[in-house]
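Structure record follows, encoded as structure tokens.
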Amino acid sequence: MENVRRYRALASLCRQQAAYRPLQTWELLGQAEHFEHLAEVELKAHFDACNGPHNEDAAVPATWETPVAA
């Protein structure tokens, strides 16, 4: 997740610089878009790892148990 913050910060800096450098605006905006893309790839990898298959050795009940009133 640290890489996502860095990529987003770099994208923000590129957009800020584009506002002050009219001759390099398109190049800087392209770099900002590239950093945003890297952040999205990093986020997808993180969530895929978190939501991926879990350890099958863990004890998982095969059926739901219904509590019975006494």
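Expressed as a fraction of 2.2 N^0.38 Å, the C-alpha radius of gyration for the stretch 1-56 is 1.49.
A cut-off under 14 angstrom between Cβ atoms defines the neighbours of LEU13, and their net charge, with Lys, Arg +1 and Asp, Glu -1, is +2.
What the Cβ-Cβ distance of ASP48 and GLU2 gives, at R0 = 22 Å and to the nearest 0.05, is a FRET efficiency of 0.80. Exposure check, 1.4 Å probe, all protein chains in place: LEU10 carries approximately 70 Å² of accessible surface. Of the listed residues PHE47, PHE35, the order by accessible area with a 1.4 Å probe, largest first, is PHE47, PHE35.
The values are calculated or read from the model by the stated rules, or taken from the named source; none is laboratory data. No experiment lies behind these values; they were computed from the predicted model shown. No Cβ is skipped: glycine too gets one built from the backbone with ideal geometry, and neighbour counts run over all protein chains shown. Side chains included, ligands, DNA and RNA excluded: accessible areas come from the protein's heavy atoms. Shrake-Rupley method; radii C 1.70, N 1.55, O 1.52, S 1.80 Å.
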